[in-house]
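The values are calculated or read from the model by the stated rules, or taken from the named source; none is laboratory data. Note that the structure is a prediction, hence the values are computed from the model and not measured. Quick reminder, even Gly has a Cβ in these numbers, built from the backbone with ideal geometry, and neighbours come from all protein chains shown.
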Amino acid sequence: MRRFITFFLCALLMFPAFASLVAAQTRSFTNQNVDYTLELPNATWRSVSRPDSMHQHTEFVYGDRADGYLRVRKEMVDASVTMAALAQRNQESKLRFLPGYVEGKQESFAGRWPAIVTSYEFTQAGKPTTGRIYYLQTDNRTIYALHFTGARDKLNRIRNQTDAIARSFQTK
């Protein structure tokens, strides 16, 4: 019993140090030219384009662009347009023209905002590639699209990170 109490007390003392270490690994992204923030789960994620007054979209890579690539876009829609309708429109107007396009499934996504996520596969430079788009509805006229692409095996391995980035998304 004494060992258990000693272990428990040591664990309690170590928890704040461990929590701060985990928190130190995430990095916040914000910019004065965009109206959102998000958390990048580790230092492998980095911004490759900075928004300015003309171009308010942002792009991030996970190490190399082929390993993981994220584009954040703000979509202004009519109040009657749903996330599913926007996803369908993007599929029909853009995605289906990708080489080797295979439609994936659409599912709801639990996070801060009402959200859905769609997935698909295609080939890029002859290599199997996966796409995952998180549609986050921040109000009845604004839907943010967090569009991840990357090599099929690599993007699937970091799905927990793509989910974490989508969950961390906040408007200012």
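Quick one: is ILE116 of a type in the set (Val, Ile, Thr) and buried (at least 20 other Cβ atoms within 10 Å of the Cβ)? No; evaluated as a whole, the condition is false for this residue. Of all residues in region 113-139, those that are without any contact (Cβ under 8 Å) to a residue 24 or more places away in the chain have Cβ atoms under 6 Å from Cβ atoms of residues that are surrounded by 21 or more Cβ atoms within 10 Å (Cβ to Cβ) and of a type in the set (Lys, Arg), 6 or more apart or on another chain, in SER119/ARG132.
For VAL72, the stated conditions hold: it is outside any loop (DSSP other than H, G, I, E, B) and either among the aliphatic types (A, V, I, L, M) or touching an Asp or Glu at 6+ places or on another chain (Cβ under 7 Å) (or both). Within region 140-159, being outside any strand (DSSP E or B), under 14 Å from the mean Cα position of the chain (by Cα) and in contact (Cβ under 8 Å) with a residue 40 or more places away in the chain holds for LEU155, ILE158.
May I ask you to list the residues in region 12-44 that are assigned to a loop (DSSP other than H, G, I, E, B), of a type outside the set (D, E, K, R), surrounded by 10 or more Cβ atoms within 10 Å (Cβ to Cβ) and modelled with pLDDT under 90? Of everything in region 12-44, those that are assigned to a loop (DSSP other than H, G, I, E, B), of a type outside the set (D, E, K, R), surrounded by 10 or more Cβ atoms within 10 Å (Cβ to Cβ) and modelled with pLDDT under 90 turn out to be THR26, THR30, ASN31, ASN33, VAL34. In the condition set (1) of a type in the set (Lys, Arg); (2) without any contact (Cβ under 8 Å) to a residue 24 or more places away in the chain; (3) under 30 Å from SER28 (Cα atoms), ARG71 is compliant with all but (2).
Reported count of residues in region 29-45, each being in contact with a strand residue (DSSP E or B) (Cβ under 6 Å, 6 or more places away or on another chain) and without any contact (Cβ under 8 Å) to a residue 24 or more places away in the chain, is 1.
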